[in-house]
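What follows is a short report on a single structure.
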Amino acid sequence: MSDTAIDSQAYSFEDFFEESLCGYAIADNTGKIARINARLANWLQSSAASCVGRRFSDILTMGGKIYYETHLAPLLRMQGYFDEIALEVRSEDGARLPVLVNALARTGKNGEPLFTRWTIFKATDRRTYEQNMRDAHAETLKALTGEQEVSVLREQFIAVLGHDLRSPLGGVLGALTALDRLVVDEKARQMIAIATSSADRMAGLISDVMDFARGRLGGGMVIDLKAVNMLPFLRTVVAEQQAANPDRCIETHFDNDMVIACDSRRLSQLLTNLLANAITHGSKTGVITLTAKIQDSQFELVVANSGTPIPAETIIHIFEPFKREDARPSQNGLGLGLYIAAEIARAHNGSLVVTSDEIETRFTLTMPAR
């Protein structure tokens, strides 16, 4: 084929009209179809000749025909066009095909109708996409509604932990304190002391679960930042742990002036958890070393102990709730201590990391001092 023949075919109106991927229809000045292309005729499962003489609305579904005659035809007469109107054409066997329709009406100098052209685009994929979008939107709304309901349950759960468990436990502790003042029998006093210790431990467990619930289920751990000197708080925590574990040696190395912006109660809780972890899992005869200092505007707190190193597969998950106890079981808690410590560090825009080898296991808190 010569270049001239190729150019002639490329610019041929007949080839463009018949072979286009969209449908075309042309109506005369009476509004009746004078011609449609092969593409549209194929969609209608008909021949182009059999469509001649029909009105454009005749190839639409019943709903589309009513909409066309009552809305689109008047719009076409008034403004001379419409575009991207979603309709459905009906084939000879009754099948419905979603389409998008553009229309353009031509008139003469005196406004008399000359002809009308319609361009029809197949919209099956678009309809599927739109339906998928609607379904996804509905699922999102359903999920959001479900999440809102779960959020309410979370708040109720935290409220139950905070009030409905702590209140009766407070009553138990109060009653035990009153009994301790009244009882003179030594054996009874020992039993009261055991019960008090158990109730105190239960209060600690409730606090841990409360912190876990806030961190995982609620809005995160809440802290109250104030400029405080950490020395008294650190010494108090060490004294408490030392009193509870008189057979363990805790060495401290503190800077003299450690005024930082923090929630001192939460940092004291973090240190308590780290020391308790070192006492529980470290060597029973080794020294626990606690170091605290400010360097380069960063507050650093280190708790180190000797003992069996933590396995690498455990370190990966060590700050996740309930994980440490899986590898190194203990009867002292729920396995939430390190998780809560990490959450406290995160709430202070800091980090808590751990290293462990044959020499020592070291937990290091680093956070902004100001």
(message) Using the crude model of +1 on Lys and Arg Cβ and -1 on Asp and Glu Cβ, and no other charge, please compute the dipole size for the chain relative to its Cα centre, in debye to 20.
(response) 920
(message) Let me cross-check Leu76: its accessible surface, 1.4 Å probe, with only protein heavy atoms counted, in Å² to the nearest 10?
(response) 20
(request) State to the nearest 20 debye the size of the charge dipole of the range 231-370 about its Cα centre, where the only charges are +1 on K and R beta carbons and -1 on D and E beta carbons. (result) 280
(request) Please report how many Lys pairs in the chain have alpha carbons closer than 24 angstrom, counting only residues at least 8 apart along the chain or sitting on separate chains. (result) 6
(request) Please name whichever of Pro74, Thr61, Thr128 sits farthest to the positive end of the charge dipole of the range 58-144, dipole taken about the Cα centre and charges placed at Cβ: Lys and Arg +1, Asp and Glu -1. (result) Pro74
(message) Taking the full set of protein chains and a 1.4 angstrom probe, give the accessible area of Val353 in square angstrom, rounded to the nearest 10.
(response) 80
(request) Treat each spin label as a single point 7 Å out from the Cα along the C-beta direction, and report the His253 to Ile294 distance in nm. (result) 2.0
(message) Could you sort Asp93, Asp28, Asp263 by their accessible area in this structure, using a 1.4 Å probe and putting the largest first?
(response) Asp93, Asp28, Asp263
(request) Can you run the Rg to Rh ratio on the chain? Use alpha carbon positions and the Kirkwood inverse-distance Rh. (result) 1.40
(message) Please report the equivalent ellipsoid semi-axes of the range 78-151, computed as sqrt(5 x eigenvalue) of the Cα gyration tensor, largest first, in whole Å.
(response) 42, 17, 8
(message) Let me check against my output: what whole-number percent is the relative contact order of the range 20-116, with C-alpha pairs under 8 Å and at least 6 apart?
(response) 25
(request) Treat each spin label as a single point 7 Å out from the Cα along the C-beta direction, and report the Leu182 to Leu169 distance in nm. (result) 2.4
(message) At 1.4 Å probe size, what's the solvent-accessible area of Lys65? Round to the nearest 10 Å².
(response) 70
(request) Mind pulling up the Rg/Rh value for the range 196-301? Radius of gyration and Kirkwood radius, both on Cα. (result) 0.99
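The values are calculated or read from the model by the stated rules, or taken from the named source; none is laboratory data. Predicted model, so just to flag it, every value in this text is computed and none were measured. Cβ atoms come from the backbone with ideal geometry, glycine included; neighbour counts cover every protein chain shown. To get the accessible areas, we keep the full protein, side chains included, count just its heavy atoms, and leave off ligands, DNA and RNA. Shrake-Rupley method; radii C 1.70, N 1.55, O 1.52, S 1.80 Å.
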